[in-house]
1. With θ taken as phi - 60° and the coefficients 6.51, -1.76 and 1.60, list the Karplus ³J(HN,Hα) couplings across the stretch 57-71 in order, rounded to whole Hz; mark glycine and proline as x.
2. Residue by residue through the stretch 72-82, what is 3J(HN,Hα) from phi via Karplus (6.51 cos²θ - 1.76 cosθ + 1.60, θ = phi - 60°)? Round to whole Hz and write x for glycine and proline.
3. Loop-only check: which chymotrypsin sites (Phe, Trp or Tyr not before Pro) in the stretch 1-81 are DSSP coil with at most 10 other Cβ within 10 angstrom?
4. What GluC sites (Glu not before Pro) in the stretch 29-91 are in a loop by DSSP, with at most 13 other Cβ atoms within 10 Å of the Cβ?
5. Could you give each residue of the stretch 12-23 its phi-based ³J(HN,Hα) in whole Hz, using Karplus coefficients 6.51, -1.76, 1.60 with θ = phi - 60°, and x for Gly or Pro?
6. Here are some pairs, Lys8/Lys105; Lys8/Lys45; Lys80/Lys107; Lys40/Lys107; which of them have Cα atoms lying more than 27 Å apart in this structure?
Amino acid sequence: MSEELQQKLRDQLWEVANRLRGNMSASDFMYFTLGFIFYKYLSEKIETYANSALEDDEVTFKELWEMTDSDAPELQEEVKNQCLENIGYFIEPKFLFSSVIEAIKRKENILPMLERSLKRIGRAGRHYNERKNRMSQEEAFIETRLADRAAL
């Protein structure tokens, strides 16, 4: 790509970004945009991980959460725990970035959905950290008790 063409592309991208941000400051827009990029990354990562974990069950992550049979809650809980244990967070399929995009295509108001999604991601991370800290404390207690017994 020629230097002139690259400069033209940069100028067009800059113009689009300026139109998108409207009256928002450039730094606020940057944080807003980076937040969405991170949200998209987290969503794609968990969806890929969960779909991979569910291959043997021949069901996708989204399909599992739509299931109504009696086995679904147990499998949902298992997938949720695997996600928390292996990637450190959990997002229900209805709060994934891809679900937001599907809602946009259906011309739905996505603002309430986005707000709930982002709040749930924050809560999920806090719960995981609390759980991990609690487990570390319990492990330390057990190790201390074992060491005390070994000393006797």
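All of the numbers you see were taken from the coordinates with simple rules; none came from a lab. Predicted, not measured: the structure shown is a model, and the values here were computed from it. Cβ atoms come from the backbone with ideal geometry, glycine included; neighbour counts cover every protein chain shown.
1. 7, 6, 9, 8, 4, 5, 4, 4, 6, 8, 5, 10, 6, 5, 7
2. 4, x, 5, 5, 4, 5, 5, 5, 4, 5, 4
3. none
4. Loop-located and lightly packed - Glu58.
5. Each residue of the stretch 12-23 in turn: 5, 4, 5, 5, 4, 4, 5, 5, 5, 6, x, 8 Hz.
6. Table pairs above 27 Å Cα-Cα are Lys8/Lys105; Lys8/Lys45; Lys80/Lys107.
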